[in-house]
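Peer 1: Before I ask anything, here is the structure I am working with.
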Protein chains: 2
Amino acid sequence: MTDEIQSMFTIYHHPFSAASRFIRLMCAEYGIQADYIVEKPWERRDEFMLLNPAGTLPVAIENDGPALCGAMPIMEYIDETRGFMLGDRTLMPSHPEARAEVRRIIEWFLVKCDAEAVGYFVNEKLSKLEMPRDQGGGEPDSGILRVARTNMRHHMKYLGYLVATRDWIAGSRMTSADLAAAASLSCADYLGEVPWDEDEHVRNWYSRIKSRPSFRPLLSEKVLAMPPSPVYADLDF
Amino acid sequence: MTDEIQSMFTIYHHPFSAASRFIRLMCAEYGIQADYIVEKPWERRDEFMLLNPAGTLPVAIENDGPALCGAMPIMEYIDETRGFMLGDRTLMPSHPEARAEVRRIIEWFLVKCDAEAVGYFVNEKLSKLEMPRDQGGGEPDSGILRVARTNMRHHMKYLGYLVATRDWIAGSRMTSADLAAAASLSCADYLGEVPWDEDEHVRNWYSRIKSRPSFRPLLSEKVLAMPPSPVYADLDF
């Protein structure tokens with residue numbers, strides 16, 4: 001054990017932020033111990049806004065270091081400080097072209113797929129239950145959910161194309177792009193919003209990711225007001 | 001001269017995409033020769049969509065390599081393949097914490113500031129002139145512009161805070177974060193939408209960036225239907 005492994009991380013996250021889930025998976029895969037603090041970004045808590053003026057999740061702090069803000073900067077930080085310890089099992093390939101592809105796909109799922117589909121499911125079906133009315137709380141909007149479901153099918157098709165033409169989502173090896181896509185899908189899956197019968201390839205790929213030890217804490221988490229869909233924690237869904 | 005410097009880049013961009021301008025500045029600073037192809041992303045051209053299924057700019061291709069999609073992946077690619085040649089003048093610091101800060105600020109300007117202010121100015125005042133009505137063209141929406149102007153003042157304040165407390169935007173040295181923020185500001189400046197009298201620190205910082213040779217091609221570019229604001233190309237604005 002080196003000093004790095006024993007150093008302490010504090011991670012501000014929300015259980016249904018795909019970007020937060022991605023960083024939790026990264027930490028588990030890189031052997032990082034962390035204190036997890038649940039943050040409700042819509043509250044715009046003063047102390048949290050001082051850490052990250054953008055008010056977004058996740059935020060990570062190592063020991064007494066500065067706040068590291070955003071999934072992409074944290075992912076790179078983790079790989080830059082711990083990647084060498086994983087040797088062959090590192091989640092970032094070494095060739096610049098392959099690295100660009102990993103980064104492209106992470107952005108696809110954490111930004112585009114979140115803005116077009118998963119973020120809507122989470123907001124309409126979960127966050128609005130937690131939020132006071134004056135902060136945007138209320139009933140799910142069925143029109144928004146309909147649009148999100150249509151978009152989700154497009155994202156499933158694209159994911160299906162990627163994993164059908166490659167072993168993993170960004171190439172022949174598992175990378176952090178697989179974790180980002182799985183983090184995104186797992187949020188939608190909890191809410192029963194993944195059309196699993198659309199694509200056999202996606203299903204097979206997700207079941208490989210889902211059975212990793214790093215995924216277990218996510219699968220055992222439950223929101224009191226909203227139980228997970230029946231297949232959510234099932235490894236043979 | 002090494003082989004790398006002589007290799008050829010093709011870059012798909014739009015003159016008023018802040019992310020594209022950022023990559024044009026990166027190329028100029030890293031001594032990269034590139035063929036620039038103007039792409040109108042709202043046309044969703046088949047060949048372009050095959051290069052980048054997200055349909056976003058910029059996209060870069062080195063020689064016969066794969067398409068590199070998105071400002072952040074291209075920035076990292078350029079630094080990973082050329083950073084060593086710049087030695088002390090590299091635009092990415094070496095310490096992981098400092099790298100995270102550079103990445104955070106790039107995202108701030110290319111994603112957040114674009115979504116809240118600069119992207120609205122460009123869309124309302126320029127893109128809608130170029131777009132056919134059925135693709136979203138038409139007159140600028142004064143309500144949207146009003147919101148964007150309010151948001152822009154918040155971004156100017158934050159930028160002012162950053163450059164007043166540091167020499168450059170992400171620390172004591174110029175980094176690619178300065179280029180990203182300047183790329184964003186330059187789009188708004190062309191359209192007369194930067195409230196320069198808000199903050200002296202921002203003005204001084206921008207005039208340092210603006211006088212760099214890498215900035216010249218941006219300053220000499222004009223859109224026929226819309227001349228730049230009087231201070232746009234003025235180095236002593």
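Peer 1: Filter the stretch A:92-112 for residues that are more than 10 Å from every other protein chain (Cβ to nearest Cβ) and either over 19 Å from A:Ala19 (Cα atoms) or surrounded by 23 or more Cβ atoms within 10 Å (Cβ to Cβ) (or both) and give the result.
Peer 2: A:Pro93, A:Phe109, A:Leu110
Peer 1: So which of B:Met26, B:Met72 is within 12 Å of chain A (Cβ to nearest Cβ) and of a type outside the set (Gly, Ala, Ser)? Quick ask: steps written out before the conclusion?
Peer 2: Details: B:Met26 fails: within 12 Å of chain A (Cβ to nearest Cβ).
Answer to the check: B:Met72.
Peer 1: In the list B:Ile74, B:Ile32, which residue meets the criterion of being crowded, with 24+ Cβ neighbours inside 10 Å and not small (Gly, Ala, Ser)?
Peer 2: On the way: B:Ile32 fails: crowded, with 24+ Cβ neighbours inside 10 Å.
None of the others qualify; the one that does is B:Ile74.
Peer 1: Please go through the stretch A:113-144 and pick out each residue that is outside any helix (DSSP H, G or I) and either in contact with a Gly (Cβ under 7 Å, 6 or more places away or on another chain) or in contact (Cβ under 8 Å) with a residue 24 or more places away in the chain (or both).
Peer 2: Once the filter is applied, which keeps residues that are outside any helix (DSSP H, G or I) and either in contact with a Gly (Cβ under 7 Å, 6 or more places away or on another chain) or in contact (Cβ under 8 Å) with a residue 24 or more places away in the chain (or both), the stretch A:113-144 yields A:Met131, A:Gly136.
Peer 1: Mind telling me which of the residues B:Leu185, B:Leu126, B:Leu162 ends up being outside the structural domain of B:Tyr30 (by TED's automatic domain parsing), crowded, with 17+ Cβ neighbours inside 10 Å and farther than 22 Å from A:Pro53 by Cα?
Peer 2: Exactly one residue qualifies, and that residue is B:Leu126.
Peer 1: Scan the stretch A:188-232 for residues that are assigned to a helix (DSSP H, G or I) and crowded, with 20+ Cβ neighbours inside 10 Å and report the count.
Peer 2: 10
Peer 1: For the stretch A:146-187, enumerate the residues that are away from every other protein chain (no Cβ under 14 Å) and not in a helix (DSSP H, G or I).
Peer 2: A:Asp167, A:Trp168, A:Ser172, A:Arg173, A:Met174 - these are the residues of the stretch A:146-187 that are away from every other protein chain (no Cβ under 14 Å) and not in a helix (DSSP H, G or I).
Peer 1: Continuing with the same structure: In this structure, does B:Met156 turn out to be at pLDDT 95 or above, crowded, with 18+ Cβ neighbours inside 10 Å and either touching a Phe, Trp or Tyr at 6+ places or on another chain (Cβ under 8 Å) or outside the structural domain of B:Lys210 (by TED's automatic domain parsing) (or both)?
Peer 2: No; evaluated as a whole, the condition is false for this residue.
Peer 1: Within the stretch B:136-183, can you find the residues that are under 17 Å from the mean Cα position of the chain (by Cα) and among the acidic types (Asp, Glu)?
Peer 2: B:Asp178
Peer 1: Restricting attention to the stretch B:54-69, which residues are within 11 Å of chain A (Cβ to nearest Cβ) and either buried (at least 17 other Cβ atoms within 10 Å of the Cβ) or aliphatic (A, V, I, L, M) (or both)?
Peer 2: Within the stretch B:54-69, B:Ala54, B:Gly55, B:Thr56, B:Val59, B:Ala60, B:Ile61, B:Glu62, B:Ala67, B:Leu68, B:Cys69 meet the criteria.
Peer 1: Can you tell me how many residues in the stretch A:216-237 are closer than 16 Å to A:Trp205 by Cα and within 19 Å of the chain's Cα centre (by Cα)?
Peer 2: Going through the stretch A:216-237 one residue at a time, the tally reaches 5.
Peer 1: Against the condition in contact with a helix residue (DSSP H, G or I) (Cβ under 9 Å, 6 or more places away or on another chain) and closer than 30 Å to B:Glu139 by Cα, how does B:Pro230 come out, does it pass?
Peer 2: No: the conditions fail for B:Pro230.
The values are calculated or read from the model by the stated rules, or taken from the named source; none is laboratory data. Only a predicted model underlies this, so the values are computations on that prediction, with no experimental measurement involved. Using ideal geometry, Cβ is built from the backbone for each residue, glycine included, and neighbour counts are taken over all protein chains shown.
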